[in-house]
Amino acid sequence: MKLSTILAASVFAISGTLAATQASAQAYLGASIGQSDIDEEIAFGLITSGSVDGKDTAWKLYGGYMLNRSFGIEAAYVNLGAVSYSGDFFGDPVTDGKVEVTGFNIAGIGSLPISEQLSVFGKLGLFIWEVEASDITGGAPFSDTADGTDISFGVGVGYNFTRNLGVRAEWEMFQIDESDASLISIGVVWRF
């Protein structure tokens with residue numbers, strides 16, 4: 001299934017939920033930046049020996065709807081950055097290798113308010129990912145793309161400065177076929 005179709009269905013589902021909820025519900029938009037750490041296994045098959053660096057700057061844009069103070073849904077575009085690799089592939093040198101990981105995440109959220117300003121939350125969802133690999137193998141350019149859908153989960157803490165403006169820090173784990181990618185991020189949330 002194409003990512004654009006899944007995103008359109010997600011937006012449609014969120015819109016339907018918005019219309020059906022009570023006045024205590026609250027929509028939000030946010031942006032976060034942080035660091036990803038992607039398993040080296042994501043480069044298996046691209047090199048037979050060499051080095052892999054799975055850490056990179058990552059970011060995400062998200063929007064959601066809290067049905068009440070305890071439960072909600074969220075959709076996000078996630079850019080986990082790139083894994084860099086170099087080495088050889090059965091004797092041919094491999095240079096300038098990178099695997100870029102992006103995707104859409106759709107998750108249910110459970111929140112536990114500690115006070116009016118502070119809350120902790122957990123989430124469980126589906127990560128609809130796309131991986132793009134490119135390098136120079138034996139002097140020739142190589143590129144390949146793969147996609148799939150796997151699970152995601154995370155925990156975090158949020159703090160509201162006002163009714164509309166807050167921040168949140170999160171740790172999330174995204175499964176990507178046989179590999180995992182973690183993301184530690186901090187971001188700003190605007191509620192309306």
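The values are calculated or read from the model by the stated rules, or taken from the named source; none is laboratory data. Keep in mind that what you see is a predicted model, and the values were worked out from it rather than measured. All Cβ positions, even for glycine, are placed from backbone atoms using ideal geometry, and neighbour counts span all protein chains on display.
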Taking the stated definitions as given, is GLN26 more than 19 Å from VAL131 (Cβ to Cβ), in contact (Cβ under 8 Å) with a residue 60 or more places away in the chain and polar (S, T, N, Q)?
yes
Any residue at all in the stretch 83-99 that's over 12 Å from the mean Cα position of the chain (by Cα) and under 20 Å from LEU61 (Cα atoms)?
no
Checked pairs for the stretch 39-60, first over 17 Å from GLY138 (Cβ atoms) and among the aliphatic types (A, V, I, L, M), second at pLDDT 95 or above and outside any strand (DSSP E or B), C-beta under 6 Å and 6 or more apart or across chains, list as none
Residue set ASP147, ASP56; condition closer than 19 Å to ALA181 by Cα, acidic (Asp, Glu) and surrounded by 17 or more Cβ atoms within 10 Å (Cβ to Cβ); output residue ASP56
Restricting to the stretch 153-182, name every residue that is under 19 Å from GLY110 (Cα atoms), under 16 Å from the mean Cα position of the chain (by Cα) and crowded, with 18+ Cβ neighbours inside 10 Å.
GLY154, GLY156, ARG168, GLU170, GLU172, PHE174
Any chance the stretch 130-147 includes a residue that's within 21 Å of GLU170 (Cβ to Cβ) and part of a strand (DSSP E or B)?
no
Testing THR162 on (1) among the hydroxyl-bearing types (Ser, Thr, Tyr); (2) closer than 16 Å to ILE38 by Cβ; (3) not in a strand (DSSP E or B), one condition comes back false. Which one is that?
(2)
Mind checking whether some residue in the stretch 117-135 is farther than 21 Å from ILE42 by Cβ, of a type in the set (Gly, Ala, Ser) and modelled with pLDDT of 95 or more?
yes
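Could you tell me which residue of the stretch 103-145 is farthest from ALA76 (Cα to Cα), considering only residues that are of a type in the set (Val, Ile, Thr) and touching a helix residue (DSSP H, G or I) at 6+ places or on another chain (Cβ under 9 Å)?
Going through the qualifying residues, I end up with VAL131.
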Just the residues that are surrounded by fewer than 21 Cβ atoms within 10 Å (Cβ to Cβ) and small (Gly, Ala, Ser), please, taken from the stretch 92-124.
GLY108, GLY110, SER111, SER115, SER119, GLY122
May I ask you to list the residues in the stretch 1-56 that are among the polar types (S, T, N, Q) and at pLDDT 90 or above?
GLN26, SER32, GLN35, SER36, THR48, SER49, SER51
Looking at the stretch 175-189 only, could you name the residues that are in a strand (DSSP E or B), in contact with a Gly (Cβ under 7 Å, 6 or more places away or on another chain) and not aliphatic (A, V, I, L, M)?
SER185, GLY187
Could you please let me know if VAL78 is over 30 Å from TRP190 (Cβ atoms) and in a strand (DSSP E or B)?
no
Hits in the stretch 65-82 - residues which are modelled with pLDDT of 95 or more, more than 14 Å from the chain's Cα centre (by Cα) and not hydrophobic (A, V, I, L, M, F, W, C)
TYR65, GLY72
Answer yes or no: is there a residue in the stretch 173-180 that is without any contact (Cβ under 8 Å) to a residue 12 or more places away in the chain, within 30 Å of LEU46 (Cα to Cα), touching a strand residue (DSSP E or B) at 6+ places or on another chain (Cβ under 7 Å) and of a type in the set (Ser, Thr, Tyr).
no
